[in-house]
Amino acid sequence: MKYIEEFQDPELARRLLDDIHATVTRPWALMEVCGGQTHTIIRHGIDQLLPEQIELIHGPGCPVCVTPLEVIDKALEIASRPEVIFCSFGDMLRVPGSGRDLFRVRSEGGDVRVVYSPLDALRIARQNPDREVVFFGIGFETTAPPNAMTVYQAKKLGIPNFSLLVSHVRVPPAIEAIMTSPSCRVQGFLAAGHVCSVMGMGEYPELAARHRVPIVVTGFEPLDILEGVRRAVLQLERGEHTVDNAYARAVRPEGNPAALAMLEDVFEVTDRAWRGIGVIPRSGWRLSARYRDFDAEHRFSVTDIATLEPAECRSGEVLQGLIKPHECEAFGTTCTPRNPLGATMVSSEGACAAYYLYRRLDIAAARKPETGTAPETAPETAPLEASPVV
Ligand code: SF4
């Protein structure tokens, strides 16, 4: 298939790997920002093919994983109300809140529906004028424009029974938070190509210069990842730290002007809590004052719900790249895709789910003699299929 198979070519992958092996002279730690990139890396064993001096640290770029527990609890509270039709992408239904998830709410009689576009939720609102229809709007800069467009349409068409529970997050402030953390080991970034296809690359040069890190805009197929690594390592070996676009087939430096204009109209930047990490200044979007009537948090008075994360789950450390998923005691034992303790085990883009899907047999073999706490090896429920939440 064009644009997919041609970026999985084994011969080209071998040549890129040879180039990287010939370039690297000392240890480097790179972070791939996006969970989709993490899955490609683990699925194809790219981390195991790279020179041992190169460590890939898995970043926080899984929107389902970083949506804070208290936002999940707000969704559960709203979805439980008899007057509400609660619409969401499929990924979010199994994400555990404090005591249950959206599947449980549905089994208890809540009207929870999986949709494939926020505009589907708007159509449901028009078809059900006597019900309140809420769409769960989460994700990075990639999903924010269609969600913004939906609210814009709701206002323009006069659909008062529609609202958005919004928890959008932005990548550049997360990179800033990672680089200013005392425990940071990251020396270069593979930036998320789809985010840059919307936002462009304008926010990155200042970050690269101030923290002296190369930032390479990278795609999602195996050759994309290898080319991103190759370019980042080349810069590091030369002592350079610039922004480079290795995903030019999708990313223009200025981004998508129409999407940017929609974001500017409907949203405003706000501080946002990231699950397991905490509040990152200016790292999110909320509805601007012009569209506040469509904010589900205000409409259903759930703004004061606050929740503590379960202590057993170390997803915050996973999301910051401080530990690998299998270094969590619960991995594959008390935490599996069927019984997840944290969102990183639920989401199709979560790092814990990636290790569970593609590495659990190796991890079980390595763990058993030492600890006796081998991950389950029986067939398991796979994480939910990828949705448009990115
Ligand atoms: S394995 Fe489970 S408990 Fe451990 S960090 Fe991942 S999601 Fe949390």
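The values are calculated or read from the model by the stated rules, or taken from the named source; none is laboratory data. Quick caveat, the model's predicted, so the values are computed rather than measured. Note that we place each Cβ from the backbone using ideal geometry, even for glycine, and neighbour counts take in every protein chain shown.
To keep it simple, each residue is scored yes or no on (1) of a type outside the set (S, T, N, Q); (2) within 22 Å of Gly342 (Cβ to Cβ); (3) in a loop (DSSP other than H, G, I, E, B).
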{"site": "Leu93", "(1), (2), (3)": "yes, yes, no"}
{"site": "Gly109", "(1), (2), (3)": "yes, no, yes"}
{"site": "Pro145", "(1), (2), (3)": "yes, no, no"}
{"site": "Met149", "(1), (2), (3)": "yes, no, no"}
{"site": "Ala154", "(1), (2), (3)": "yes, no, no"}
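Counting the residues of the range 206-223 that are out of contact with any Gly (no Cβ under 7 Å at 6 or more places or on another chain) and either farther than 15 Å from Val186 by Cα or of a type in the set (A, V, I, L, M, F, W, C) (or both) gives 8. The residue of the range 307-319 that is farthest from the ligand (Cβ to nearest atom), among those that are modelled with pLDDT under 85 and among the aliphatic types (A, V, I, L, M), is Leu308. Out of contact with any Phe, Trp or Tyr (no Cβ under 9 Å at 6 or more places or on another chain) and more than 11 Å from the ligand (Cβ to nearest atom): which single residue out of Arg338, Arg286 fits that description? Among Arg338, Arg286, only Arg338 is out of contact with any Phe, Trp or Tyr (no Cβ under 9 Å at 6 or more places or on another chain) and more than 11 Å from the ligand (Cβ to nearest atom). Scanning the range 90-140 for residues that are buried (at least 17 other Cβ atoms within 10 Å of the Cβ) and of a type in the set (Phe, Trp, Tyr) turns up Phe135, Phe136, Phe140. Between a residue in the range 230-248 that is part of a strand (DSSP E or B) and any residue that is β-branched (Val, Ile, Thr) and surrounded by 14 or more Cβ atoms within 10 Å (Cβ to Cβ), which pairs come within a Cβ distance under 6 Å, given they are 6 or more apart or on different chains? Sorted first by the residue in the range 230-248, then by its partner, the pairs are Val243/Ile215; Asp244/Val216; Asn245/Val217; Asn245/Val251. Per the listing Val186, Val213, the residue uniquely in the same structural domain as Ala232 (by TED's automatic domain parsing), aliphatic (A, V, I, L, M), touching a His at 6+ places or on another chain (Cβ under 6 Å) and not in a helix (DSSP H, G or I) is Val213. The selection criterion, being among the β-branched types (Val, Ile, Thr) and either within 8 Å of the ligand (Cβ to nearest atom) or surrounded by fewer than 21 Cβ atoms within 10 Å (Cβ to Cβ) (or both), does not hold for Val266.
Take the range 341-360 and flag every residue that is part of a loop (DSSP other than H, G, I, E, B), surrounded by 24 or more Cβ atoms within 10 Å (Cβ to Cβ) and more than 10 Å from the ligand (Cβ to nearest atom). Spell out the reasoning first.
Step one: list which residues in the range 341-360 are part of a loop (DSSP other than H, G, I, E, B), which gives 341-342, 346-350.
Pick out the ones that are also surrounded by 24 or more Cβ atoms within 10 Å (Cβ to Cβ) and you get 342, 346-347, 349-350.
Within the range 341-360, Glu349 is the sole residue that qualifies.
If Gly36 satisfies all but one of (1) in the same structural domain as Gly219 (by TED's automatic domain parsing); (2) modelled with pLDDT of 95 or more, what's the number of the condition it fails? The failed condition is (2).
Does the range 277-328 hold any residues that are part of a loop (DSSP other than H, G, I, E, B) and loosely packed, with under 13 Cβ neighbours inside 10 Å, and which are they?
Our first condition is that a residue be part of a loop (DSSP other than H, G, I, E, B); within the range 277-328, this holds for 277, 288, 300-314, 320-324, 328.
Within the range 277-328, Ser301, Thr303, Asp304, Ala306, Leu308, Ala311, Glu312 meet the criteria.
All told, Phe294 falls short of being away from the ligand (no atom under 16 Å from the Cβ), in the same structural domain as Phe136 (by TED's automatic domain parsing) and either within 23 Å of the chain's Cα centre (by Cα) or on the phi > 0 side of the Ramachandran plot (or both). The set of residues in the range 320-334 being farther than 15 Å from Ala364 by Cα and more than 9 Å from the ligand (Cβ to nearest atom) consists of Gln320, Gly321, Leu322.
Taken over the range 62-78, the criterion of being within 23 Å of the chain's Cα centre (by Cα) and not charged (D, E, K, R) is satisfied by Cys62, Pro63, Val64, Cys65, Val66, Thr67, Pro68, Leu69, Val71, Ile72, Ala75, Leu76.
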